[in-house]
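The block underneath contains the structure these notes are about, expressed in structure tokens.
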Amino acid sequence: MAVIASVGTSVPQHKFTQTFAKDVVSGLTQSNSLKKYLSVFDEAAIEERYFVSNEKWFKTNHGLEERHKLWLEEGVNLAKEAVWRCLGDDFELSDVDAVVSVTSTGILTPSMEVHLLNELNFSPYIKRMPLFGLGCAGGAIGLSRAFEYLKGNPEQAVLLISCELASVAFHPFNLRPKDIVGAAIFSDGAAATLLLGENHPKVKDLNRKMVIKATDSKVKLHSMNVMGWDVKDDGFHVIFDVTIPKLIEPFWKPHVDRLLKAQDLSMEEIKHIVAHPGGRKIIEEIERLTPNPNLLQPSRNVLKQYGNMSSPTVLFVLQEVMKQNELEKGYALLSALGPGFASEVVLMEVI
């Protein structure tokens with residue numbers, strides 16, 4: 001098993017209300033055929049979002065090199081802030097034996113965690129697991145890989161770091177309906193999660209334990225056009241199919257049932273749901289298939305306050321659940337969907 005010891009999150013300085021974001025995109029939308037899609041801003045159940053870029057950035061063109069430099073400068077700093085908040089006063093950089101880094105918005109070689117290792121006092125002998133291209137599922141998949149590592153190294157600790165900047169993928173003068181939808185929901189953010197193996201010496205010091213019990217992965221074949229990036233000379237262009245919510249019942253629900261059946265559990269026994277809030281309609285579909293829809297409130301809260309930050313978002317939800325003063329003991333289900341089309345589910349228990 002693996003114990004989730006702490007979660008730290010960070011967001012950049014520029015806060016856009018949803019009304020302001022809509023006004024910015026509206027000013028860039030010339031044709032009436034596109035303007036009708038602006039209503040998605042009002043229907044997204046989002047109040048505000050955070051970006052590393054200011055209003056001017058979203059109104060001007062940028063090449064791939066400029067977008068890369070933005071990610072390198074701002075993304076690494078954002079990830080570093082999340083790491084410090086995760087470790088807090090209870091843990092040291094020297095406690096970390098391995099690091100999993102996750103991103104889909106920045107291509108860095110060496111990978112993101114090496115940039116952090118050069119700025120922070122991690123051990124030079126740390127094990128590295130960089131993950132790229134997982135999109136919104138990245139936070140959940142990162143937890144699964146950390147869990148699997150700790151099963152084989154139960155005395156060690158793994159730090160999961162996830163950072164995404166939607167800013168680098170906005171193209172103001174090439175707007176299509178899916179770009180407007182993306183502009184209405186995506187945002188920037190970073191999260192770090194520290195996981196301890198069951199034999200780690202600091203496990204006994206934790207007042208509250210969120211333990212990963214099992215994970216499962218699923219990929220829907222021949223669905224690569226559902227979600228991802230279209231890479232062009234000027235950078236990433238979003239692939240985002242509006243049919244995603246319709247995949248929840250036929251694709252996601254059987255996957256969840258498979259994980260629970262393997263552990264001899266049912267949805268009625270789940271006390272907490274940590275679902276990546278990909279969008280309002282996705283949350284509503286999961287609620288419809290859940291015995292207690294109120295369990296999706298943490299996901300709604302994160303969507304409302306931050307929007308969809310891609311891979312870190314599910315870790316924001318995890319933090320929202322873990323910070324509850326009276327966290328009910330019992331099973332928790334963590335879930336995220338991403339490019340592939342892929343589903344990752346993680347069974348946890350509050351003990």
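The values are calculated or read from the model by the stated rules, or taken from the named source; none is laboratory data. Since we're looking at a predicted model, the values are computed, not measured. Backbone-built Cβ (ideal geometry, glycine too); neighbour counts: all protein chains shown. Surface accessibility is based on the protein's heavy atoms, side chains included, excluding ligands, DNA and RNA. Shrake-Rupley method; radii C 1.70, N 1.55, O 1.52, S 1.80 Å.
Here are the numbers for the structure shown:
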| item | result |
| --- | --- |
| Cleavage-rule hits, GluC sites (Glu not before Pro), region 305-351, DSSP coil, Cβ neighbours within 10 Å at most 13 | Glu326, Glu328 |
| Cut-off under 5 Å, modelled amide H: who pairs with Arg128 long-range | Val99 |
| Neighbourhood net charge (13 Å Cβ-Cβ; Lys/Arg +1, Asp/Glu -1) for Lys15 | -3 |
| Exposed chymotrypsin sites (Phe, Trp or Tyr not before Pro) absent - longest run of the chain, DSSP non-H/G/I/E/B, at most 14 other C-beta within 10 Å | 174-351 |
| Whole-number accessible area per residue in Å² for region 51-107, which is evaluated in the context of all protein chains at 1.4 Å | 47 |
| Long-range amide H partners of Gly189 with built H, under 5 Å | Glu164, Ala166 |
| Helix 138-152 vs. the chain, principal-axis angle (Cα, 0 to 90°, nearest 10) | 20 |
| Structure-derived Cα Rg over 2.2 N^0.38 Å: which label, when the choices are (1) 0.95; (2) 1.66; (3) 1.02 | (1) |
| For region 119-171, alpha-carbon Rg over 2.2 N^0.38 Å | 1.39 |
| Amide H within-cut-off set for Lys213, under 5 Å, with H built and near neighbours excluded | Leu347, Met348, Glu349 |
| Accessible-area composition of region 1-126, carbon plus sulfur, in percent [1.4 Å probe] | 48 |
| Where region 264-351 is the region considered: accessible area per residue in Å², 1.4 Å probe | 36 |
| Residue-count net charge about Ser111 - beta-carbon cut-off 15 Å; Lys, Arg +1, Asp, Glu -1 | +1 |
| Distance-filtered residues of region 88-108 - backbone nitrogen under 19 Å, label point 7 angstrom along Asn199 Cα→Cβ | 95-98 |
| Whole-percent pair-distance distribution, where bins are 10 Å wide, for the alpha carbons of region 188-235 | 15, 26, 26, 19, 14, 0 |
| For region 1-125, alpha-carbon Rg and Dmax in angstrom | 18.7, 57 |
| Residues of type lysines that Lys246 reaches as a straight line, Cα spacing below 17 Å, ignoring anything fewer than 8 places off in the same chain | Lys178, Lys218, Lys220, Lys281 |
| Net charge of Cβ neighbours under 12 Å - reference Pro177; Lys, Arg +1; Asp, Glu -1 | +2 |
| Heavy-atom accessible area per residue - region 162-246, 1.4 Å, Å² | 43 |
